[in-house]
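All remarks here apply to the structure that follows.
Each reported figure results from applying straightforward, stated rules to the coordinates on display, with no laboratory input. Since the model is a prediction, treat every value here as computed from it, not as a measurement. We place every Cβ from the backbone using ideal geometry, glycine too, and count neighbours over all the protein chains shown.
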Amino acid sequence: MLLKNKTAIVTGAASARGLGKATAKLFAEHGARVAILDLDQAASETVAAELGKGHIGLACNVVDPAACKAAAEQVLKVFGQIDVLVNNAGITQPLKLMEISQENYDAVLDVSLRGTLNMTQAVLPQMRAQRSGSIVNMSSVSAQRGGGIFGGPHYAAAKAGILGLTKATAREAAPDNVRANALCPGFIDTDITAGKLTPEQREMVLDGIPMGRAGRAEDVAGCCLFLASDLSAYVTGSEVDVNGGSLIH
C-alpha cells in the first residue's frame, strides 16, 4: 500500500462522480487516513463513511482562510499529522470573454486559485515541521491551451494561476522536503461534464483525443496517488497531463 500510515486531505471531495471522491477512495485503498473537505458537512461525512473506518468528513469553504486553518487543525487533532494535500475544490462557468462579470471572475478565481493558496498555507507549517509532505494541485488542460470545453477564460486563468503557484510553492518548500505538483486533466467524465454536450459535440471532442475516449475520474486519481506517494519522491514543480494525448506537446 503506497500511503500506509499517511494522512491525506482532499478538498471538494463530496461530489458523487467527482475527481476528489475518486482520489479519496483510491488513497483509502492504499492505506491513507483521509479527511474529506467540502462545503456540506453531512455530505463530507457521508463520503468519509463510505470509505470505511478511520476517515473523517469536515465542512470547509476554501475561500475562507480561517476555515482552512480550522480544518487543518482538526485533522491534526484527529490524526496527528498531515502528509498529503490534494487541492481539488474548484468551479467552472461556460462564459465567453465579454460575458464575464466581476462577480463571475471573483467566484471562479476565489475557489480555484485563492482556495489552493489558503489550504496550502494551512498545511505547510505542519509539513515543514515534519520535513515531509506532498501537495497536489488540480489545474486543467484549459490552462495550457487557453480554454476548454466548459470553462470560460476566467477558468483558464484560474487554472493557469495554479500552475504558477504550484511551481513557486515547489521551489520555496523544497528545502523542507515538501513537494508540490499539478495535474492537468483533459476531458473527464464527471458530474461537471455529465449531460453538458450533445452527441455531436461529444463526438467532436473525442475525435480530438488520440486515445479515443473520455477520461475517467479514476484515471486522474491514479496520477494523484503517484504524486502523493514516495514513488514520486524526486518529482516537484511538475505539471502532469492526464488527457489521453489531446495535448501532445
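Placing +1 on each Lys and Arg Cβ and -1 on each Asp and Glu Cβ, with no other charges, gives the chain a dipole about its Cα centre of roughly 580 debye. Among G133, G222, G186, whose mean-square fluctuation peaks in a Gaussian network model of the chain (Cα, cutoff 10 Å)? Answer for the Gaussian network model of the chain: G222. Taking every C-alpha pair closer than 8 Å and separated by at least 6 residues, the mean separation divided by the residue count of the chain gives a relative contact order of 19 percent. The lysines within cross-link reach of K69, meaning a Cα-to-Cα straight distance under 17 Å and a gap of 8 or more places when in the same chain, are K77. Taking the fewest neighbouring Cβ atoms within 10 Å as the starting point, the ordered list for K6, K159, K167 is K167, K6, K159.
From least to most packed, judged by other beta carbons within 10 angstrom and beginning with the fewest, S140, S246, S134 follow the order S246, S134, S140. Per-residue Cβ neighbour counts within 10 Å put K77, K21 in the sequence K77, K21, beginning with the fewest. Lysines within cross-link reach of K25: Cα-Cα under 21 Å, excluding same-chain residues under 8 positions apart? Cross-link targets: K4, K6, K53.
Over all pairs of different C-alpha atoms, the stretch 1-112 has a mean inverse distance whose reciprocal, the Kirkwood radius, equals 14.5 Å. Secondary-structure-derived ellipticity at 222 nm for the chain, considering helices only, amounts to -13500 deg cm²/dmol, per-run term -39500 (n - 2.57) for DSSP H runs with n ≥ 4.
Just tell me, in residue order, which DSSP H segments of the chain are both 18 angstrom or longer along the helix axis (alpha-carbon based) and at least 1.0 in mean Kyte-Doolittle hydropathy.
Helices meeting the span and hydropathy rule in the chain: none at all.
When the chain is treated as a GNM with alpha-carbon contacts under 10 Å, the residue of E239, E172, E200 showing the greatest mean-square fluctuation is E200.
Note on E203 and R145: their simple-model spin labels are 1.9 nm apart, each label 7 Å out from Cα toward Cβ.
When the trypsin sites (Lys or Arg not before Pro) in the stretch 95-141 are filtered for DSSP coil states and for at most 10 other beta-carbon atoms within 10 Å of their beta-carbon, the remaining sites are K96, R131.
Taking amide H positions as modeled 1.01 Å from N, with prolines and chain starts lacking one, the residues under 5 Å from F187 and 5 or more places away or on another chain are G215.
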